[in-house]
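J.: Sharing a structure with you now.
The values are calculated or read from the model by the stated rules, or taken from the named source; none is laboratory data. The structure displayed is predicted, hence computed values, not measured ones. Here the Cβ is made from the backbone with ideal geometry for all residues, glycine too, and neighbour counts use every protein chain on show. The accessibility values were calculated without ligands, DNA or RNA, using every heavy atom of the protein model including side chains. Shrake-Rupley method; radii C 1.70, N 1.55, O 1.52, S 1.80 Å.
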Amino acid sequence: MNYLRFQHLSKWYIINSRPSRKFLHEVNNSRCYLSSGQVTTALRPFYFLVHPDLFGQHPRAQHINDASLKLLNGHLNSLINDQKPKPLSLKFYIKNKTIQGSLNTVALQLNKDSARATVHGILSEFDLPTKYVDSLPEKSNQPDRKIDWHQSFYDATGTLNPEDELYMARRRENLYSWLIKNMGEAERRLAVSEPIRQDIVRLRLWLMEELSLHQLSWQRGLGTTHLRGCLQGLTALTTHHKEIKQVLKGRTIHFGNETGVSLEGIVVLSTSEVRNQWLKVICKLPEQDPMIQRIPDMQKAVSNTLRDIQVTHRKYQPLVLVEDYIQYLKRLVTALGDYKGRNGFPKSWPESLSSLQLVVESVRDREKESYKKCKEKLGLEFLDKDDSVMPDMMIECLERMLDRAYRLSPLLSGTRLWITHYYSIMLDGEVCIPWNWDQEKL
């Protein structure tokens, strides 16, 4: 085994030249500004406020405080050993002194370059006395001897250079750490928006009963405030135009991106249009029903052109408006007729395609099963995804969440969760996470 030896500022260092994650530190340790014992003594009042054992009746708060304490201890250990950890944001729950059973949250920003300054900042943030820390010396008698290692050192030892961009990328935030830092804010926003959700439930029930609707639904990702506005708009329309009651009786209304009637006869109302546009579509519903009845004949025309292939549309797909679908069928019939007239069918085709279906099926059944298990096991109040998240993406995401439910359930219990392509806390407290969240450290 080969070793390199060199002297730096009258101190000897020994480095194993073979790649290894373990290497020998400085032989004679310099005195730290604060020892681990002094840090523990100084923070004892803080531990009495946030210790997880104090929050047995609040599982999420207990879990977050436990995780935050572990991160804090690691950060302090680095500072005690004269290392410079990256800035850290933490959140702790504490009991409300005036309202029994209520909790408050305190956010900590750890960005000081010494253990002493960090401990002082923690105590100040929690309104705890700092007299003990103030009595300790601010500086060591020995000079600060920071060593800038050459990249070859990190290559030889197999360690990561903290100044390297790749190192920072590897330490990127993962799902667990993101939830630790953000679920407190999500809880707060969710509580603020609770009256809006109650209004939504009340308005939906009133409209279902008043209009004798079969169902009333809306598109994914529609914010609670916007959705309540749509329901209030439909309520006002119902109040001022009694004639629409008979037209809408027994139908399904869906708030979506467009206004019209779907292939299934669902009345789709655009969330971005004014009530007058809704009224026009509703009043024309009797004219739309015959158009829906024409669709089988048009599908038959496509079938005849393609040697009796069975024509249908996907079982699981976004709502398609009748007028658009009819135009698609017309174009397809024309295009197939033109092609057949010029080229004929391939000789390899059988005389009849009646045993085949012109349809695209998805893996939605498996997705629905994973969705059900994940919602129950994590204790989610609500779970859905953006339309841009494909079924295979959703399945992968949910199955990985189920594998790590033992760690995620304390953080996500009671959460309204959206699977998207990004991390975000919505204004109404709903939580968005990317389908391909980084599970490296879970």
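J.: Could you calculate the contour length gain from A236 to I292, that is, 0.36 nm times the residue separation minus the distance between their Cα atoms, to one decimal place in nm?
T.: Extra length from A236 to I292 when fully extended: 17.3 nm.
J.: Between beta-carbons, use under 11 Å as the cut-off and find the net charge around C230, counting Lys and Arg +1, Asp and Glu -1.
T.: +2
J.: Give me, ordered by chain and number, the residues 5 or more places off L213 or on other chains with an amide H under 5 Å from its own placed amide H.
T.: For L213, whose amide H was placed from the backbone, the distant partners under 5 Å are G250.
J.: Let me have the relative contact order for the stretch 319-438, percent, based on Cα pairs under 8 Å that are six or more residues apart.
T.: Value for the stretch 319-438: 20 percent.
J.: Work out the FRET efficiency for S424 and Y132 from their Cβ-Cβ distance, taking R0 = 41 Å, and round it to the nearest 0.05.
T.: Rounded to the nearest 0.05, the efficiency is 0.50.
J.: Could you please put T312, T225, T271 in sequence from largest to smallest accessible area, using a 1.4 Å probe?
T.: Putting T312, T225, T271 in descending order of accessible area: T225, T312, T271.
J.: Continuing with this model, one more query. Quick one: 3J(HN,Hα) in Hz for the stretch 80-86, Karplus 6.51/-1.76/1.60 with θ = phi - 60°, rounded, Gly and Pro as x.
T.: Once θ is set to phi - 60°, the couplings for the stretch 80-86 become 4, 8, 6, 9, 10, x, 6 Hz.
J.: Another question, then. Can you tell me the convex hull volume per residue for the stretch 77-130, based on C-alpha atoms, in Å³ to the nearest whole number?
T.: 75 Å³
J.: Using a Förster radius of 35 Å, what is the FRET efficiency between D386 and K86 based on their Cβ-Cβ separation? Nearest 0.05, please.
T.: 0.65
J.: Beyond a 26 Å Cα-Cα separation, which of these cross-linked pairs lie in this structure: K86/K181; K91/K372; K284/K385? Don't skip to the answer; put the middle values down first.
T.: Details: K86/K181 16 Å; K91/K372 31 Å; K284/K385 33 Å.
Violating the 26 Å limit, Cα to Cα: K91/K372; K284/K385.
J.: How big is the accessible area of F382 in square angstrom, nearest 10, if you roll a 1.4 angstrom probe over the protein chains?
T.: Looks like 50 Å² after rounding.
J.: Residues with beta-carbon under 10 Å from that of M426, excluding M426: net charge, scoring Lys, Arg +1 and Asp, Glu -1?
T.: Numbers: positive: R189, R416; negative: D428, E430.
Residues near M426 contribute 0 overall.
J.: What are the ³J(HN,Hα) couplings of the stretch 69-79, residue after residue, when phi is run through the Karplus curve with 6.51, -1.76, 1.60 and θ = phi - 60°? Round to Hz, x for glycine and proline.
T.: Per-residue couplings from phi come out as 5, 5, 5, 5, 4, x, 5, 5, 4, 5, 5 Hz.
J.: Determine how large the accessible area of K385 is when every protein chain is in place; take a 1.4 Å probe and give Å² rounded to the nearest 10.
T.: Spelled out: K385, probe radius 1.4 Å, area about 10 Å².
J.: Calculate the length of the line joining the C-alpha centroid of the stretch 70-123 to that of the stretch 224-286, in whole Å.
T.: 52 Å
J.: For the stretch 30-82, what does the alpha-carbon gyration tensor say about shape, rounded, prolate or oblate, given a ≥ b ≥ c as the root eigenvalues, a/c under 1.5 as rounded, and a/b over b/c as prolate?
T.: Because a/c hits 1.5 or more and a/b fails to exceed b/c, the stretch 30-82 counts as oblate.
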